[in-house]
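Take a look at the structure set out below.
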Amino acid sequence: MNAAISEEALKHPRTLALFRGVRILVGCYVVLSVLTLLAAYLMRDDAAMVNDAVWVRGGIVALTSLLMLFFAVGTGRGRPRAYLRLRIVSAVMVVAIAVIVALPGFLPLWMRIEQGVCGLLLIGVVVLVNGGHLRSVFTGRG
């Protein structure tokens with residue numbers, strides 16, 4: 001990846017629109033992740049609704065969502081390493097979510113649905129950050 005991203009490429013209207021889309025999707029992912037932990041806390045006395053897996057998975061997702069927000073902000077500032085990390089982490093999280101949602105009985109239904117929504121948000125991130133325009137901005141080709 002090219003270390004120096006041109007100001008012109010960063011300020012291009014399409015680049016700015018893509019950065020805005022990524023920030024919105026990742027922001028929604030953060031909010032949903034934090035609200036999930038709040039919901040788990042509120043339902044903590046119901047063992048059928050909140051088990052150990054809910055706490056562990058909810059905590060991991062909330063932390064990775066904040067990490068992804070950090071990468072998204074860095075990407076918007078033209079940091080190639082943040083862009084690469086955002087590409088990798090978003091794709092890995094989509095796969096992890098797909099596997100976890102598919103495991104029978106691992107999570108209660110409400111959290112499986114929440115994880116599915118998180119996965120859809122992250123698929124949007126994967127599509128945006130792996131598109132040709134942003135790749136060309138960060139590789140200098142195009």
Worksheet item: Looking only at the range 103-142, which residues are open to solvent by 50 Å² or more (accessible area, probe 1.4 Å) and closer than 27 Å to LEU42 by Cβ?
Response: LEU103, PRO104, GLY105, PHE106, LEU109, TRP110, ARG112, ILE113, VAL117, LEU120
Discussion item. Show the residue pairs meeting these rules: Cβ distance below 6 Å; 6+ apart or different chains; first residue within the range 117-142 and closer than 14 Å to VAL22 by Cα; second residue open to solvent by 50 Å² or more (accessible area, probe 1.4 Å).
Written reply: LEU121/CYS28; VAL129/ARG87; HIS133/ARG14
Fill in: Only listed residue being open to solvent by 80 Å² or more (accessible area, probe 1.4 Å), of a type outside the set (Asp, Glu), over 13 Å from LEU134 (Cβ atoms) and in contact (Cβ under 8 Å) with a residue 24 or more places away in the chain, chosen from ARG81, ARG85, ARG57, ARG44
ARG81
Discussion item. If GLY21 satisfies all but one of (1) assigned to a helix (DSSP H, G or I); (2) loosely packed, with under 15 Cβ neighbours inside 10 Å, what's the number of the condition it fails?
Written reply: (2)
Discussion item. Report every pair of residues separated by at least 6 positions or lying on different chains whose Cβ atoms are under 7 Å apart, first residue within the range 7-25 and farther than 12 Å from SER136 by Cβ, second open to solvent by less than 100 Å² (accessible area, probe 1.4 Å) and in a loop (DSSP other than H, G, I, E, B).
Written reply: LEU10/GLY78
Item to complete: Return yes when LEU107 is of a type in the set (A, V, I, L, M), in a loop (DSSP other than H, G, I, E, B) and either without any contact (Cβ under 8 Å) to a residue 60 or more places away in the chain or out of contact with any Gly (no Cβ under 8 Å at 6 or more places or on another chain) (or both) and no when it is not.
Response: yes
Worksheet item: In the range 88-102, how many residues are touching a helix residue (DSSP H, G or I) at 6+ places or on another chain (Cβ under 8 Å), open to solvent by 30 Å² or more (accessible area, probe 1.4 Å) and small (Gly, Ala, Ser)?
Response: 2
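The values are calculated or read from the model by the stated rules, or taken from the named source; none is laboratory data. Because the structure is predicted, anything quoted here is derived from the model rather than measured. When we count neighbours, we look across all protein chains shown, and the Cβ atoms used for this are built from the backbone with ideal geometry, even at glycine. The protein model used for the area step is the full one, side chains on, heavy atoms only, and it has no ligands, DNA or RNA in it. Shrake-Rupley method; radii C 1.70, N 1.55, O 1.52, S 1.80 Å.
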